[in-house]
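Heads up, the thing below is written out as structure tokens.
Just so it is clear, none of the values below were taken in a lab; they were calculated from the coordinates. Keep in mind the model is a prediction, meaning the values are calculated, not measured. Virtual Cβ from ideal backbone geometry, glycine too; neighbours counted across all protein chains shown.
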Amino acid sequence: MLKCFMHNLVYFFILYMFSTLRLFAVEPTVAILDNVVSNGVQEFHVGSYSFVCTPYGVLSVEKLYSNSKLSSKCQENIYNFYQKYPDLRYYTQNSLKVEQMYHLEFKNQECVLYAFGEKTLSELLLENGLAVVKPLFRDDEFNYPFHEAQMRAKMNKLGMWKENVVNSCIEEFYK
């Protein structure tokens, strides 16, 4: 009887450990895109659970614009940038498809959204000059591809780099 009890107790303990470990595991999620609010905000759902995603590790143009710490000159430059290139305001909306399923991972309350195969939305925004890598960003998996994408945009003078919007804004983050 004691042997049977111990066996059941061990079995119960193992089941309990696996069930609790699963709660803390970082598993990729497949979610359905409901809406693209801006280049920096997307709305998804999984089943009946809805949530908002912001691209991981980057500051989108919209996030820069809405940051109250930045000068009015920076905000004016961003406003003028979108007036001059209105199609870039809708880059993400034109790139992602509503009602399509996307692979997501959650990191630091942001989303790693795999938009095209292994390429993330963050990388796409960076390489089109619609975002910058966050100051002091450190992530072994994404550090190199993010900085490389940003460097390509800078060298090719794409997006914000074309109009030199970044210099008037991002320098303020490093002060």
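FRET efficiency for the ASN94 to ASN156 pair, using the beta carbon distance and R₀ = 25 Å, is estimated at 0.80. Computed on the Cα trace of segment 94-148, the radius of gyration divided by the Kirkwood hydrodynamic radius gives Rg/Rh = 0.95. Karplus-based coupling profile of segment 33-44, in residue order and whole Hz: 6, 9, 7, 10, 6, 7, 4, x, 9, 10, 10, 10, with θ = phi - 60° in 6.51 cos²θ - 1.76 cosθ + 1.60 and x standing for Gly or Pro. With the charge dipole of segment 29-174 set up from +1 on Lys and Arg Cβ and -1 on Asp and Glu Cβ about the Cα centre, the Cα lying farthest toward the positive end among the listed residues PHE51, TYR144, TYR114 is that of TYR144. Principal semi-axes of the equivalent ellipsoid, √(5λ) from the alpha carbon gyration tensor of segment 29-174, are 25, 17, 14 Å from largest down. Estimated from the Cβ-Cβ distance and a Förster radius of 41 angstrom, the FRET efficiency linking LYS119 and SER48 is about 0.90.
Close amide H partners of ALA115, meaning residues 5 or more places away or on another chain with modelled amide H under 5 Å apart, are THR120, LEU121.
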